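Undergrad: Below is a structure I'd like to ask you about.
Every number here is computed from the coordinates shown, using simple stated rules; none is lab data. Model, not experiment: these values are computed from the prediction. Glycine also receives a Cβ, built like all others from the backbone with ideal geometry; neighbour counts cover every protein chain displayed.
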Protein chains: 2
Amino acid sequence: MAQLNYRSDVSAPEAGGDKPALSMEGMCRDILARHEDTISVRNPSIAVLRLKRILVAALDLSNSGGFQAMSLRDLSEKSGMSTGGLYAYFDSKTTLLRMILAQVTHVVETVLTDPPEAVTDDPVAHLRWMVDAHLRLTEDLLPWFVFAFMEAKNFPPAERRLAIDSEALTEGLFADVIKTGIAQGQFRSETSELLPALIKPLLQDWYVKRAKYRRREISLEAYSGTVKDIILRYCVPNAGEL
Amino acid sequence: MAQLNYRSDVSAPEAGGDKPALSMEGMCRDILARHEDTISVRNPSIAVLRLKRILVAALDLSNSGGFQAMSLRDLSEKSGMSTGGLYAYFDSKTTLLRMILAQVTHVVETVLTDPPEAVTDDPVAHLRWMVDAHLRLTEDLLPWFVFAFMEAKNFPPAERRLAIDSEALTEGLFADVIKTGIAQGQFRSETSELLPALIKPLLQDWYVKRAKYRRREISLEAYSGTVKDIILRYCVPNAGEL
DNA sequence: CACGTAAACGAACGAACGTTCGATAGGCGG
DNA sequence: CCGCCTATCGAACGTTCGTTCGTTTACGTG
């Protein structure tokens, strides 16, 4: 959707600016390292610079109109490179898709499987942290998530599988915490096994309908608070005292 | 007559078979009536028959690969008509899209704004009914909903607006019931104003991730029950006794 | 049976797509 | 200053797309 407002100016304030690994530069360095074989440009400082321009443009174009609708001529114009020149950075349009997809799933896994120690002993705190961490992550990497999970349906089979597996992994992390909570008695034993599956869409709505929430001036904290309330009031007994 | 035989065993998922208005035939009759001017075939019995074949094929092709990726040659082959012949039923590919979109939004509005009398006095019962009605509707018209709301982001601006407005209307219906419930004291006054917005993704996950729930052998009743539990435990005080 | 109209056909068109590849520019070592 | 390698360019190719339109078929009516 056009309201995404992800500025195509490369010198723009970067996403996840305070966390280097989540900055556009850090993400591009990761991608470059993971695709050394398909990227023919050997000078890393040049390659990262160009990759940044290409990916910013690709995310922007894809997120307003879809990945399939983005032509390499559009991408060429917006990134300031020739259509032929783009092929120094990927060997097919599908590879470009795979680059973005692999990077975002890698970041999700890295962040969500590394909770602070203070939280791992208490399922309630752990659950709260996961909701916060997931929402913060999607906020920092908004265009990446929109691309990876809103476009996923139109991807080629192999790439779609990647997206589905990534979602399944996240759901599994929630399922583990909830199972632990039930075993330790903090959560109701009647808690539906569907809960982990239903947490996901609650988290996804924040970036899927980002424009709507921005229009209504809903803050990330307000959204996050309501989601945590809904979840905990469901699975914690006597949740009125939360 | 060279081309294919017009088999009557159309592998049409006879959606909503018991409710004539929701059957594939009923939907097609509605669409024909609403597009008399752009459909050049004047014999209604022929037109409904062909429309049925075209729409079944269009929904099937779109829902596996996306609407943009569906070529009119694919559609021609699958529907058993020539590419040129298709243009007797729509004047452009976008019009075909609009036909489907308008029909599904019309049905949603018709069904959800007509609750049984027994339910309108009790916000809790009304909310339960709306969840059930919405889920049953999406189940009956699964391919239509998948098309209308999963493809929506790739639609042209005017058509995307249609889809967004339809979602906003549904959200508004939930908001009304919740507001009434708060005013009458059945719902907690602290109930977040975000709740109506967050109910939607809970309902949509049923058809968006339909394959996942089918694989796990989750019944519509189990899903519906969990969703209603989550919602009511959140907004009803002392919900433990539900 | 012949005729006229409704309906469907399918070859053809121009545009746009992803991709290729020979030409070209720029900087660095000798 | 020359020669080489890296990085980029942009015209061109073969496909495929949505759409058009002259032609053919099917069928009710006289």
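Undergrad: Against the longest alpha carbon principal axis of chain B, how many degrees, from 0 to 90 and to the nearest 10, is the axis of helix B:195-208 turned?
TA: With rounding to tens, the tilt is 40 degrees.
Undergrad: From largest to smallest, what semi-axes in whole angstrom does segment A:140-203 give when each is the square root of 5 times an eigenvalue of its alpha carbon gyration tensor?
TA: Square roots of five times the eigenvalues give 29, 12, 9 Å.
Undergrad: Where the convex hull is taken over the Cα atoms of segment A:7-91, what is its projected area averaged over directions, in nm²?
TA: On the way: hull surface 21.9 nm².
Here the figure is 5.5 nm², rounded to one decimal.
Undergrad: Quote the relative contact order of segment A:131-226 in percent (integer), defining contacts as alpha-carbon pairs under 8 Å separated by 6+ residues.
TA: Reported as a whole number, the value is 39 percent.
Undergrad: Shortest first, in nm, what separates the label point of B:P20 from those of the same position in the other copies (7 Å along Cα→Cβ)?
TA: Relative to the other copies, B:P20 has label-point distances of 7.2 nm.
Undergrad: If you take every residue apart from A:P116 with its C-beta less than 14 Å away from the C-beta of A:P116, what net charge results, scoring Lys and Arg +1 and Asp and Glu -1? Let's see the in-between values first.
TA: On the way: positive: A:R128, A:R136; negative: A:D114, A:E117, A:D121, A:D122, A:D132.
Computed value for this residue: -3.
Undergrad: Tell me, B:K52, A:K93 in order of fewest to most beta-carbon neighbours within 10 Å?
TA: In order of increasing Cβ crowding within 10 Å: A:K93, B:K52.
Undergrad: Which of rounded, prolate, oblate describes segment A:198-242, given a ≥ b ≥ c as roots of the alpha-carbon gyration tensor eigenvalues and a/c under 1.5 marking rounded, otherwise prolate only if a/b is larger than b/c?
TA: It is oblate, given that a/c is not under 1.5 and a/b is not larger than b/c.
Undergrad: Near A:G181, within a Cβ-to-Cβ distance under 15 Å, what is the net charge of the other residues, with Lys and Arg +1 and Asp and Glu -1? Don't skip to the answer; put the middle values down first.
TA: Working: positive: A:R128, A:K179, A:R188, A:K228, A:R233; negative: A:D121, A:D122, A:D176, A:E190, A:E193.
Result for the neighbourhood of A:G181: 0.
Undergrad: Sorted from fewest to most neighbouring beta carbons within 10 Å, what does the list B:S79, B:S40 look like?
TA: On the way: B:S79 26, B:S40 12.
Lowest to highest Cβ neighbour count: B:S40, B:S79.
Undergrad: A further question follows. Can you give the translational diffusion coefficient of segment A:113-242 in µm²/s, computed by Stokes-Einstein from the Kirkwood radius over Cα pairs at 37 °C and 0.692 mPa s?
TA: Values: Rh = 15.7 Å.
So the translational diffusion coefficient is about 209 µm²/s.
Undergrad: Within 10 Å of each Cβ of A:66-72, how many other protein chain Cβ atoms are there on average?
TA: Numbers: counts 8, 2, 6, 3, 0, 0, 0.
Per residue, the number of nearby Cβ atoms from other chains is 3 on average.
Undergrad: Let me ask something additional. Relative to the longest principal Cα axis of chain A, at what angle does helix A:93-112 sit, 0 to 90 degrees, rounded to 10?
TA: The two axes meet at around 30 degrees.
Undergrad: Among A:L49, B:L86, A:L59, which comes first, then next, by fewest other beta-carbon atoms within 10 Å? Provide the component values of the computation, followed by the final result.
TA: Working: A:L49 15, B:L86 20, A:L59 25.
Sorted ascending by nearby Cβ count, the order is A:L49, B:L86, A:L59.
Undergrad: Kindly flag which residue pairs out of B:K52/B:K93; A:K179/B:K228; A:K153/B:K19; B:K52/B:K209; A:K209/B:K78 have an alpha-carbon separation exceeding 24 Å in this structure.
TA: A:K153/B:K19; B:K52/B:K209; A:K209/B:K78
Undergrad: Further, regarding this structure: What is the extension gain from B:A158 to B:R34, computed as 0.36 nm multiplied by their sequence separation minus the C-alpha to C-alpha distance, in nm to one decimal?
TA: 42.8 nm
Undergrad: With the label 7 angstrom out along Cα to Cβ, how close does B:S45 come to the same site in each of the other copies, in nm, nearest first?
TA: Counterpart label points of B:S45 in the remaining copies fall at 8.0 nm.
Undergrad: When chain B is treated as a GNM, springs tying every alpha-carbon pair under 10 Å, which of B:L72, B:L194, B:L101 comes out with the largest mean-square fluctuation?
TA: Looking only at B:L72, B:L194, B:L101, the biggest GNM fluctuation is shown by B:L194.
Undergrad: Return a whole-number percent for the relative contact order of chain A, with Cα pairs under 8 Å and 6 or more residues apart as the contact set.
TA: Here the relative contact order equals 19 percent.
Undergrad: How far is A:L220 from the same spot in each other copy, in nm, shortest first, if each label point sits 7 Å from Cα toward Cβ?
TA: Label point to label point, same position, other copies: 3.9 nm.
Undergrad: In segment A:128-160, what GluC sites (Glu not before Pro) fall in a loop by DSSP, with at most 16 other Cβ atoms inside 10 Å? Walk me through the intermediate numbers first.
TA: Numbers: sites: A:E139, A:E151, A:E159; in loops: A:E151.
Qualifying residues, ordered by number: none.
Undergrad: When a/c is below 1.5 the answer is rounded, else prolate if a/b is larger than b/c, else oblate, so apply that to the protein assembly as shown with a ≥ b ≥ c taken from the square roots of the Cα gyration tensor eigenvalues. Could you put the intermediate results ahead of the total?
TA: Numbers: a/c = 2.00, a/b = 1.04, b/c = 1.92.
It is oblate, given that a/c is not under 1.5 and a/b is not larger than b/c.
Undergrad: Can you tell me the 0 to 90 degree angle between the C-alpha axis of helix A:44-63 and the longest principal axis of chain A, rounded to 10?
TA: It works out to around 70 degrees.
Undergrad: Compute the distribution of all C-alpha to C-alpha distances in segment B:112-156, in bins of 5 Å from 0, and list the percent of pairs in each, rounded to whole numbers.
TA: P(r) for segment B:112-156, in whole percents per bin: 5, 20, 22, 16, 13, 12, 8, 4, 1.
Undergrad: Taking only the C-alpha atoms, wrap a convex hull around chain B and report its volume per residue in Å³ as a whole number.
TA: Normalising the Cα hull of chain B by residue number yields 140 Å³.
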